[in-house]
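K.L.:
Shown below is the structure under consideration.
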Amino acid sequence: MKIWYDACTGKHVRYGVAIAKRLRAHGHEVIVTTRKHPDTLPVANFLNEKIVVVGKYDPKSLLSRLKAGVHRQLLFCRIFGNSPPDIAISHSSVDQTRVAFGLGIPIINTIDTIYAEAVNRLTLPLADYVVASKAIPKKTLRTYNVKGEIIGFDGVDEVAWIRDFKSSVKYDFKRPLIIVREVEEKAVYARKKFSLISIAKKLTNLGEVIYLSRYSRKEIKGLIVPEGFVDSASLAAQADLFVGVGGTITREAALQGTPAIVVNILQKQHVNDYLAKKGFPIFRADPSEVFSLAEKIIGKKWDVSALLNELENPVDIIERLIKRELRL
């Protein structure tokens, strides 16, 4: 089959490459597209994935987002209009989903950010299959008017690339090493502005703090702000503590036994709570509680290898859906 994966962020690139490797091993042709974004191309280059850049991410305003999205859709029509793929897969790419639906291409959408209301409203109703962790209640997904089949799996998205992950990069930072990930303030769902810089600076009393910014690489006094690409999965494995608001690196850390603190900013943390209940080192805290919690858990490593092996890999689910489509 000819399969199209569209990756909108660095996480999506990791996910898409994991899916592409599996499907290519079974003889399928997989085309991976992305948009110009601070994370996508560096991750693709790091993973040695030949990726097709289509359009860009322009979050300056709602209008700039809309224009960039419409432009990407038109470009996709030029690329795939006369030779459409057999199936479209993405982590709920608005642009891909709209074009695939318009061209009558079966759609597989994965999802773990249930709070991304705008994206979910524009993608989930058009998907033929919605693949999501069992941590997310199906009734919650159905609030987005899902018409297709909802397929739950007993795991999280990050298992797709962390289960067999072996760090190929050794970072030479002082210990204890603390990672703080900047809040994604330019996402549509980030209605309230919140900064982790003050928390990061306070954490310097416990160790070396690496502040992973999203768009700006400006120096911040007291913090290390990497100028270039950092492999988050490798860094998380080597760290003594991670602090963020519950995104991808939170789970990359916890799945490798590094304690991760989720600052209570975003609601509906189904996936993180699910991993915590299974015994992975994810801890939630209000902003005022982060430092005291960090003092207690920094430097402790959890042996989660057995727990990780028990989790289901979403790539297995997607592979089965491809086989189902082949029989139709």
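No value in this document is a laboratory result; all are computed from the given coordinates. Bear in mind that the values here come from a model prediction, so they are computed numbers and not experimental data. Please note: Cβ atoms are built from the backbone with ideal geometry, for glycine as well, and neighbour counts cover all protein chains shown.
K.L.:
Give me the percent of DSSP beta bridges within the chain that run antiparallel, rounded to the nearest 5.
P.N.:
On the way: 0 of 41 bridges.
DSSP beta bridges in the chain are roughly 0 percent antiparallel.
K.L.:
Another question, if that's okay. Mind checking which of Leu307, Ser292, Gly207 is farthest towards the positive end of region 177-309's charge dipole, using Cβ charges of +1 (Lys, Arg) and -1 (Asp, Glu) about the Cα centre?
P.N.:
Ser292
K.L.:
Go from 0 up to the bin containing the longest alpha carbon distance in the chain, width 10 Å each, and give me the % of pairs per bin.
P.N.:
6, 26, 35, 24, 8, 1
K.L.:
Based solely on its DSSP helices, what 222 nm [θ] is calculated for the chain when runs of n ≥ 4 H residues each add -39,500 (n - 2.57) and the sum is averaged over all residues, nearest 500 deg cm²/dmol? Write out the running numbers ahead of the final one.
P.N.:
Working: 14 runs with 124 residues, N = 328.
Estimated from H runs of four or more residues: -10500 deg cm²/dmol.
K.L.:
Taking Cα pairs under 8 Å and at least six residues apart, what relative contact order does the chain come out at, in percent? Provide the component values of the computation, followed by the final result.
P.N.:
On the way: 619 pairs, mean separation 46.2, N = 328.
Computed over the chain, the figure is 14 percent.
K.L.:
Going by the alpha-carbon gyration tensor, a ≥ b ≥ c the square roots of its eigenvalues, is region 264-328 rounded (a/c under 1.5) or, if a/c is not under 1.5, prolate (a/b greater than b/c) versus oblate? Display every interim value, and only then the final one.
P.N.:
On the way: a/c = 4.89, a/b = 2.15, b/c = 2.28.
It comes out oblate by the Cα gyration axes.
K.L.:
Also, quick follow-up: Could I have the simple spin-label model distance between Asn45 and Lys221, label points 7 Å from Cα toward Cβ, reported in nm to one decimal?
P.N.:
Between Asn45 and Lys221, the label points sit 3.3 nm apart.
K.L.:
As an exercise, use a Förster radius of 41 Å and the Cβ-Cβ distance of Asn264 and Met1 to find the FRET efficiency, rounded to the nearest 0.05. Could the numbers behind the result be given before it?
P.N.:
Working: r = 43 Å, r/R0 = 1.05.
So, using R0 = 41 Å, E works out to roughly 0.45.
K.L.:
Rounded to the nearest 0.05, what FRET efficiency do Val230 and Lys174 have when you use their Cβ-Cβ distance and R0 = 22 Å?
P.N.:
Values: r = 16 Å, r/R0 = 0.72.
The value I calculate is 0.90.
K.L.:
Next question, about the same structure. Springs between alpha-carbon atoms under 10 Å, Gaussian network over the chain: tell me which of Ala200, Ala160, Ala118 tops the mean-square fluctuations.
P.N.:
Of Ala200, Ala160, Ala118, the most mobile in the Gaussian network model is Ala118.
K.L.:
Between Glu289 and Leu307, what is the label-to-label distance in nm when each label sits 7 Å out along the Cα-to-Cβ direction?
P.N.:
1.8 nm
K.L.:
Wrap a convex hull around the Cα atoms of region 177-309, take a quarter of its surface area, and give that in square nanometres.
P.N.:
Mean projected area of the Cα convex hull: 7.8 nm².
K.L.:
With 10 angstrom as the radius, rank Phe194, Phe283, Phe76, Phe153 by how many other C-beta atoms surround their C-beta, starting from the fewest. Before the final figure, lay out each step's value.
P.N.:
On the way: Phe194 12, Phe283 18, Phe76 24, Phe153 21.
So the ranking, lowest neighbour count to highest, is Phe194, Phe283, Phe153, Phe76.
K.L.:
Let me ask you something else. Quick one: net charge around Gly299, please, counting Lys, Arg +1 and Asp, Glu -1 for every other residue with C-beta under 11 Å from its C-beta. Intermediate results must be reported in sequence, preceding the final value.
P.N.:
Numbers: positive: Arg175, Lys296, Lys300, Lys301; negative: Asp240, Glu295.
Its environment carries a net charge of +2.
K.L.:
Could you give me the ³J(HN,Hα) list for region 254-266, computed from phi with Karplus coefficients 6.51, -1.76, 1.60 and θ = phi - 60°, whole Hz, x at Gly and Pro?
P.N.:
Whole-Hz 3J(HN,Hα) from phi for region 254-266: 4, 5, 10, x, 8, x, 10, 9, 9, 6, 6, 10, 8.
K.L.:
Separate question: Got a sec to turn the phi values of region 222-228 into Karplus ³J(HN,Hα) couplings, 6.51 cos²θ - 1.76 cosθ + 1.60 with θ = phi - 60°, whole Hz, x for Gly and Pro?
P.N.:
My calculation for region 222-228 gives x, 10, 9, 10, x, 7, x Hz in order.
K.L.:
Which of the listed residues, Ser90, Tyr144, Thr110, is farthest toward the dipole's positive end in region 90-199, when Lys, Arg count +1 and Asp, Glu count -1 at the beta-carbon?
P.N.:
Tyr144
K.L.:
Now a separate question. Give me, ordered by chain and number, the residues 5 or more places off Ala127 or on other chains with an amide H under 5 Å from its own placed amide H.
P.N.:
The answer is Lys147, Gly148.
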